[in-house]
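Worksheet: the structure to be examined is printed underneath.
The values are calculated or read from the model by the stated rules, or taken from the named source; none is laboratory data. Quick caveat: nothing in here was measured; it's all calculated off a predicted structure. Note that we place each Cβ from the backbone using ideal geometry, even for glycine, and neighbour counts take in every protein chain shown. Surface areas here come from the heavy atoms of the whole protein model, side chains and all, with no ligands, DNA or RNA. Shrake-Rupley method; radii C 1.70, N 1.55, O 1.52, S 1.80 Å.
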Amino acid sequence: MKWQGRRQSDNVEDRRSISGGGKAIIGGGVIGIIVLLLNVFGGETGQQIAPILEQMQGGQGQQTEAAAPLSKEDEEMGNFVRVVLADNEDIWSKVFAENGMTYEKPKLVLFKGSVQTACGGASSASGPFYCPGDRKVYMDLGFFEELKSKFGAKGGDFAIAYVIAHEIGHHIQTLLGTSAKMRQEQQGKSEAEANKLSVALELQADFYAGVWAHYNQENLDVGDIEEALSAANAVGDDAIQSKMQGHVVPDSFTHGTSEQRMYWFKKGYKTGDIKQGTTFEEIQ
Ligand SMILES: [Zn+2]
């Protein structure tokens, strides 16, 4: 993606040098991009997530350790993330305005190891996620190494851009009330039925990521869309389950298959029309 010299968002909170650096527990339980934890949201607020792992050793109560300076590469990655977030701000502000609404810009928190959020404590092992409670996206960029080495994605900068745009998709669903409505509909449903609603929500976030890419075409490099599709392919529930447990259990899917994830991203990319993100009607 062409990003050098372009506008950077001020809405990135870089906590990488203060959050439990070096103690990341990676590799235990990456269950999908953003194991967005929707299934463990409980309570009336629908905004709490259970802690994903035991509190990290040494991280009890305070996550501040001696600040470790960021490497040049870390700095560059941070700048790239700021540009992608700025692109999302510009594009969604415009799309919302066209539909008579106002886009509220979310913050994006970069961390290493572990992090505290309004949705509870989280670690790198949970993968990038969006917390509706504080309306922030949380990411440990180490996730993308894992995506390549363990899940066979191509990697590349646009894989990261896709994941950011997917998380922003959850923010849009929060602004539009889709997430709250979906959690309400999950009440009293069987686990399989509730999972289907989760799949529809996740695929719609993939669709919104595609819409974002549609409006960002002038900045795309050859191969960018393939990088996004490769990441979407790698994080399909079927791909992950067969890798982790050797077989797939469709009723337990919460994010959709590789094919579905690629399909909805592509649909958003081709149409650029937010009204066509009809995953709730189509996923039965
Ligand atoms: Zn998601």
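Within the stretch 263-284, can you find the residues that are hydrophobic (A, V, I, L, M, F, W, C) and over 17 Å from the mean Cα position of the chain (by Cα)? 274, 280, 283, listed by residue number.
So, of the residues in the stretch 234-261 that are within 15 Å of the ligand (Cβ to nearest atom) and part of a helix (DSSP H, G or I), which turns out to be nearest to residue 170 (Cα to Cα)? Within the stretch 234-261, the match that is nearest to residue 170 (Cα to Cα) is 261.
Among residues of the stretch 119-137 that are free of Cβ contacts under 8 Å to residues at least 60 places away in the same chain, those with a beta-carbon under 6 Å from a residue that is open to solvent by less than 10 Å² (accessible area, probe 1.4 Å) and within 16 Å of the ligand (Cβ to nearest atom) at least six positions away or on a different chain give the pairs 135/106; 137/108; 137/130; 137/167. Of all the numbered requirements in (1) in a loop (DSSP other than H, G, I, E, B); (2) under 20 Å from the mean Cα position of the chain (by Cα); (3) over 26 Å from residue 133 (Cβ atoms), residue 100 misses one, and that requirement is (2). If you go through the stretch 219-233 one residue at a time, do you hit one that is in contact with a Phe, Trp or Tyr (Cβ under 8 Å, 6 or more places away or on another chain) and within 12 Å of the ligand (Cβ to nearest atom)? Within the stretch 219-233, one or more residues are in contact with a Phe, Trp or Tyr (Cβ under 8 Å, 6 or more places away or on another chain) and within 12 Å of the ligand (Cβ to nearest atom). Within the stretch 1-13, restricting attention to residues that are in contact with a strand residue (DSSP E or B) (Cβ under 9 Å, 6 or more places away or on another chain) and surrounded by fewer than 18 Cβ atoms within 10 Å (Cβ to Cβ), the residue that is farthest from residue 117 (Cα to Cα) is 11.
Residues in the stretch 139-169 that are under 12 Å from the mean Cα position of the chain (by Cα), open to solvent by less than 10 Å² (accessible area, probe 1.4 Å) and within 17 Å of residue 262 (Cα to Cα): 159, 161, 162, 163, 164, 165, 166, 167, 169.
Of everything in the stretch 118-143 that is within 16 Å of the ligand (Cβ to nearest atom) and part of a loop (DSSP other than H, G, I, E, B), the residue that is modelled with the lowest pLDDT is 127.
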